[in-house]
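The values are calculated or read from the model by the stated rules, or taken from the named source; none is laboratory data. Everything quoted here is computed from the prediction, not taken from an experiment. In this analysis, Cβ positions are derived from the backbone assuming ideal geometry, glycine residues included, and neighbour counts consider all displayed protein chains.
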Amino acid sequence: MIKAIRFGLVSALLQIVIGPLLLPACFAQEPGGQGGQQGQQGGGGQPSGGRPQPGPEPIGRDRQPSQFPDTAPRPIFLSGSVRLADGTPPPDIVLIERVCNGVVRPEAYTDSKGRFSFQVGGQQGMVFADASVGNDPGFGSLGSTNAGQQRGDINPRDLTGCEIRGNLGGFQSDSIVLTFRSALDDPEIGIIRLRRLANVDGFTFSITSAAAPKNAQSAYEKGLANAKKQKWADAEKELLKAVQTYPKYAVAWYELGRVYQQQKKLDDAVHAENEALKIDAKFISPYGQLALLSAVQQKWDDVVAHTSGWLKLNPNGTSDIYFYSAIANYNLQHMDVAEDHARKAANLDPQHRIPRIDHLLGVILAQKADYKDAAEHLRTYLKFSPSAPDAAAVSQMLAEIDKAVGAPPKP
C-alpha cells in the first residue's frame, strides 16, 4: 500500500511543482542576470549583492525615538548605495533585501549607479524576485513570484534589528543593521559592501552588455519596463529589437527567453536562452532558466545538464538549483544523487521557503524504506503547506507509514 501511495505522490509532486512555473515571471534586474539568491546566500555572512558614491556612515540609526512615542504605523523611507570592496560600483543591478526575524523580503533594486531607495510600508509597485532569489514558498525561485506585493504601513519598532543587504550572485554582502527608526529620520543608511566569492567562475551578468550600442540598450530597457508591467507582447517586440540590433547582447537574449516563457512559447524560450549561453558561456542566469524550461517539459536529462552547468560555474549552489536537480535525478532513478541534492537544497533553505523540498525528500526516503526520516520530512511539508492541494494525500501516506512501522499516528 505504501508503494502505491508513494508513486501517486510523486506524480502529484511533479504536477504541482511543474505546473506553476509558467506564471508571471520575475525580472530581478533591469540589466538582466539574476540577483544573488537564497541558496547562494545573501548578506550578513551569506553569499549575495549592491553600489554608488561613497556616502557617510549610516545616519539616524542611533537617534533617540522621535517625538511620536506612540509608534503608530507610518511609511518609512530608506536609501543608500552599494559598492564593491575596492570602492567601485558593482557590475550589475543589485537586489536590496530586508531581513527581519529570519524572513527575507525583496524591497528594491539599485539604479545604474548603485543607488537605492524604497518605502517600507505603503510601497507601491512591484518587486519581482529573480530566479536566484528563491523566496517562492510553493515551488522555488526558478518559478515566478510576485515577491513585492503592496504592503501597508509598518510599525517603526518592527524594523529594529532588521538587516538591509544586497543580493548579487557570486558576491557576499555586508549588512546594515537597523535600530529604532521613525518616519522623520534621515532615510540615508550608508553603503553596503560586496565581496567576490572564491571558487565562482560564473557571473550573473554578461560582459557583452558593455559593448551594446545605445539604441540596443534603449530597446532592452523598454523591454524590461514592459515585462514588469506584464505586457509580454510589447516586451517581446522591444527585446527582439535589442538582439537584432546587437546580436551579441547575451542579457537581452536571456530576458527575451523569460518573456517567451510567460507566453508559453517554450521552444522560442529555449532557443533564446541557448543563444545567451553561446555568446557568454560564463553567464550563469540562462542555466537556471533552461533548467526550469526543461523541468516544465519533463526533459530530465536536460535538467541535470543545466543544473550541472550552473554548479560547475558556481559550486556554492542554490536551494532551487539543487531542488530541480533532485527532481530530475529522482525521475532518472539516480536515487543517491537525488537524495544528496534534495538534502543540500534543504540545508540551503532553513526557513522552508520551498516546502516541496521536504515533500520530495519524504518521497525519496520512503522509496528507500527509510520511513522514519520520510515521515519527518512529510510532516514538515504539511506544517509549512497545510493547505496544499495534495495535503490529504500526504496525510494518507503518513498514516500508511505509521501503520507499517507500528508507530501511533501523529496529528
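Structure above, values below:
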read-out: Test: residue in segment 285-292 that is outside any loop (DSSP other than H, G, I, E, B), in contact with a His (Cβ under 6 Å, 6 or more places away or on another chain), aliphatic (A, V, I, L, M) and closer than 27 Å to Ile327 by Cβ; value: yes
read-out: Tally of residues being within 23 Å of Gln172 (Cα to Cα), out of contact with any His (no Cβ under 9 Å at 6 or more places or on another chain) and not polar (S, T, N, Q) across segment 293-333; value: 7
read-out: Unique residue being buried (at least 24 other Cβ atoms within 10 Å of the Cβ), in a helix (DSSP H, G or I) and modelled with pLDDT of 95 or more when the list is Ala276, Ala272; value: Ala272
read-out: Hits in segment 297-326 (condition: out of contact with any Lys or Arg (no Cβ under 9 Å at 6 or more places or on another chain) and among the hydrophobic types (A, V, I, L, M, F, W, C)); value: Trp300, Val303, Val304, Ala305, Trp310, Leu311, Ile321
read-out: Qualifying positions in segment 106-125 - surrounded by fewer than 18 Cβ atoms within 10 Å (Cβ to Cβ) and at pLDDT below 80; value: Ser112, Gly122, Gln124, Gly125
read-out: Qualifying residue in segment 253-262 (condition: assigned to a helix (DSSP H, G or I), modelled with pLDDT under 95, touching a helix residue (DSSP H, G or I) at 6+ places or on another chain (Cβ under 9 Å) and among the acidic types (Asp, Glu)); value: yes
read-out: Output for segment 344-379, where each listed residue is farther than 14 Å from Met397 by Cα and basic (Lys, Arg); value: Lys344, Arg353, Arg356, Lys368
read-out: Single residue of segment 301-319 satisfying the filter (farther than 15 Å from Pro286 by Cβ and surrounded by 19 or more Cβ atoms within 10 Å (Cβ to Cβ)) that is modelled with the lowest pLDDT; value: Gly317
read-out: Single residue of segment 78-103 satisfying the filter (farther than 14 Å from Ile176 by Cα and assigned to a strand (DSSP E or B)) that is nearest to the chain's Cα centre (by Cα); value: Leu95
read-out: Pairs with Cβ under 6 Å, 6+ apart, first in segment 326-338 and under 11 Å from Val363 (Cβ atoms), second polar (S, T, N, Q) and assigned to a helix (DSSP H, G or I); value: Ala338/Asn329
read-out: Residue count, segment 350-401 (criterion: closer than 22 Å to Tyr324 by Cβ and outside any helix (DSSP H, G or I)); value: 11
read-out: Residues (basic (Lys, Arg) and in contact (Cβ under 8 Å) with a residue 12 or more places away in the chain) located in segment 238-275; value: Lys241, Lys248, Arg258, Lys264
